[in-house]
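**Student:** This is the structure, below, for whatever I ask next.
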Amino acid sequence: MLRISFKSRIIWSYILLVIIPFVFVAILLDKKLEELALGDIKTSLVKQTYLIANQVKPEDLAVNSRVRLDQLAKDVSAKIKSRVTFIDKSGVVLADSEKSAVEVPAMENHADRPEVRTAFSGGAGQDIRYSRTLKIDMLYIAIPIGPEQEPVGVIRLALPLEQVQKILGTT
């Protein structure tokens, strides 16, 4: 039978007393850094959304401007690598960078989406959830188009969560 000396037990006890708190602190720091990085990504998406919204006039949300909105959504999406969706005040999708103009009318109403409801209240809405359209988890950011007191529509950006996780280095 192997006997461990008293000196070895003391040394291993001190090593464990030092290593365990370091592991605990490392895990806490990792989580905090991940939260901060996700906050930075959200802030960046909100800024991008406002920049795009500045290119859209409230009258562009009329039915006869869908071709322009569709082209704008696809052009911007290709540049910023995010899904872009334009939604009118009743929740109807007018244009989406991931869907063709023929597919857009079949998309479900977005009025009940948490980020869209917040945007219609005049703020910047955000949510993380599963996209039934694309079949993946997404980070959504939405802001109102038009006056904050009475928006005429919403622009929404969406980033696949796996892309966010790659940015954060968690996959």
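The values are calculated or read from the model by the stated rules, or taken from the named source; none is laboratory data. Bear in mind the structure is a predicted one, so any value in this text is a computation, not a measurement. Reconstructed Cβ throughout: ideal geometry from the backbone, glycine too, with neighbour counts over all protein chains shown. Heavy atoms of the whole protein, side chains included, go into the accessibility calculation; ligands, DNA and RNA do not. Shrake-Rupley method; radii C 1.70, N 1.55, O 1.52, S 1.80 Å.
**Student:** Quick one: 3J(HN,Hα) in Hz for the stretch 122-134, Karplus 6.51/-1.76/1.60 with θ = phi - 60°, rounded, Gly and Pro as x.
**Tutor:** Couplings: x, x, 8, x, 8, 7, 10, 6, 6, 8, 6, 6, 9 Hz.
**Student:** How about the stretch 32-108: which trypsin sites (Lys or Arg not before Pro) there are in a DSSP loop, with at most 13 other Cβ atoms within 10 Å of their Cβ? Numbers along the way, then the final one.
**Tutor:** Details: sites: LYS32, LYS42, LYS47, ARG66, ARG68, LYS74, LYS79, LYS81, ARG83, LYS89, LYS99; in loops: LYS81, LYS89, LYS99.
Those that pass, being in a loop and sparsely packed, are LYS81.
**Student:** Okay, next question. Residues with beta-carbon under 10 Å from that of ARG129, excluding ARG129: net charge, scoring Lys, Arg +1 and Asp, Glu -1?
**Tutor:** Working: positive: ARG113, ARG132; negative: GLU115, ASP127, ASP137.
Spelling it out: positives minus negatives among the neighbours equals -1.
**Student:** Suppose every Lys and Arg Cβ carries +1 and every Asp and Glu Cβ carries -1, with no other charges. What dipole size does the chain come out with about its Cα centre, to the nearest 20 debye? Walk me through the numbers before you get to the answer.
**Tutor:** Details: 23 positive and 20 negative charges, 186 e Å.
For this selection, approximately 900 debye.
**Student:** A further question on this structure: Report the normalised scattering of the stretch 1-89 as log10 I(q)/I(0) at q = 0.16, 0.20 Å⁻¹, calculated by the Debye formula with identical scatterers on the alpha carbons.
**Tutor:** Ignoring solvent entirely, the Cα scatterers give -0.79, -0.97.
**Student:** Farthest toward the dipole's positive end in the stretch 18-171, which of THR118, LEU45, PRO105, given Cβ charges of +1 (Lys, Arg) and -1 (Asp, Glu) about the Cα centre?
**Tutor:** Selected residue: LEU45.
**Student:** Could you check the simple spin-label distance between VAL23 and LYS79, using points 7 Å along Cα→Cβ, in nm with one decimal?
**Tutor:** Here the modelled spin labels are 4.9 nm apart.
**Student:** While we're on this one: For the pair LEU51 and GLU150, how long in nm is the line joining their label points, each one 7 Å along Cα→Cβ?
**Tutor:** Spacing of the two 7 Å Cα→Cβ label points: 3.2 nm.
**Student:** In whole Hz, what ³J(HN,Hα) sequence does the stretch 46-60 give by Karplus (6.51, -1.76, 1.60; θ = phi - 60°), x for Gly and Pro?
**Tutor:** With the stated coefficients, the stretch 46-60 comes to 4, 4, 4, 5, 5, 5, 5, 4, 5, 8, 10, 8, x, 5, 5 Hz.
**Student:** Next question, about the same structure. Thinking of the stretch 1-49 as a set of Cα atoms, what percent of all their pairs are more than 17 Å apart? Write down the numbers at each step before the final one.
**Tutor:** On the way: 712 of 1176 pairs.
I get 61 percent for the Cα pairs in the stretch 1-49 exceeding 17 Å.
**Student:** I would also like to ask the following. Karplus couplings for the stretch 14-25 from phi (6.51 cos²θ - 1.76 cosθ + 1.60, θ = phi - 60°), rounded to Hz, Gly and Pro as x?
**Tutor:** Coupling constants for the stretch 14-25: 5, 4, 5, 5, 8, 5, 4, x, 5, 5, 4, 5 Hz.
**Student:** Hey, what number do you get for the chain at 222 nm if only DSSP H runs of n ≥ 4 count, each worth -39500 (n - 2.57), divided across all residues, to the nearest 500? Please list the in-between numbers first.
**Tutor:** Working: 4 runs with 78 residues, N = 171.
Result for the chain, helices only: -15500 deg cm²/dmol.
**Student:** Using Cα springs under 10 Å in a Gaussian network model of the chain, which residue among PRO58, PRO160, PRO147 shows the largest mean-square fluctuation?
**Tutor:** Comparing PRO58, PRO160, PRO147 in the GNM, the peak value goes to PRO147.
**Student:** May I ask for the equivalent-ellipsoid semi-axes of the chain, computed as the square root of five times each C-alpha gyration tensor eigenvalue and listed largest first in whole Å? Walk me through the numbers before you get to the answer.
**Tutor:** Values: eigenvalues 473, 49, 32 Å².
Working from the Cα gyration tensor, I get semi-axes of 49, 16, 13 Å.
**Student:** Counting only Cα, what are the radius of gyration and maximum Cα-Cα distance Dmax of the stretch 49-102, in Å?
**Tutor:** Considering the stretch 49-102 through its Cα atoms, Rg and Dmax are 10.2, 28 Å.
**Student:** How long are the semi-axes of the ellipsoid equivalent to the stretch 111-168, from square roots of 5 times the Cα gyration tensor eigenvalues, in whole Å, largest first?
**Tutor:** On the way: eigenvalues 112, 25, 12 Å².
Working through the eigenvalues yields semi-axes of 24, 11, 8 Å.
**Student:** Okay, next question. Counting only the heavy atoms of the protein chains, how much of MET138 is accessible to a 1.4 Å probe, in Å² to the nearest 10?
**Tutor:** 0 Å²
**Student:** Another question, if that's okay. With only alpha-carbon pairs counted, each pair once and no self-pairs, how large is the Kirkwood hydrodynamic radius of the stretch 82-141 in angstroms? Intermediate values should be presented prior to the final figure.
**Tutor:** Values: mean 1/r = 0.0840 Å⁻¹.
By the Kirkwood definition, the hydrodynamic radius is 11.9 Å.
**Student:** Which net charge results when you count Lys and Arg as +1 and Asp and Glu as -1 among the other residues whose beta-carbon is under 11 Å from that of ARG156? Can you show the working numbers first?
**Tutor:** On the way: positive: ARG83, ARG113; negative: ASP96, GLU115, ASP127.
With Lys, Arg at +1 and Asp, Glu at -1, the net is -1.
**Student:** Which residue fluctuates most in the GNM of the chain (Cα springs below 10 Å): LEU69, LEU16, LEU139?
**Tutor:** Looking only at LEU69, LEU16, LEU139, the biggest GNM fluctuation is shown by LEU16.
**Student:** Taking springs between alpha-carbon atoms closer than 10 angstrom, which of PRO105, PRO114, PRO21 fluctuates most in the Gaussian network model of the chain?
**Tutor:** With Cα springs under 10 Å in the chain, the top fluctuation among PRO105, PRO114, PRO21 is at PRO21.
**Student:** Percent relative contact order of the stretch 84-165, based on C-alpha pairs within less than 8 angstrom and at least six residues apart? List each step's numbers first, then the result.
**Tutor:** Values: 173 pairs, mean separation 22.9, N = 82.
Computed value for the stretch 84-165: 28 percent relative contact order.
**Student:** Which value, in Å³ per residue, describes the convex hull spanned by the Cα atoms of the stretch 34-135?
**Tutor:** Values: hull volume 11.6 nm³, N = 102.
Spelled out: Cα convex hull of the stretch 34-135, divided by residues, is 113 Å³.
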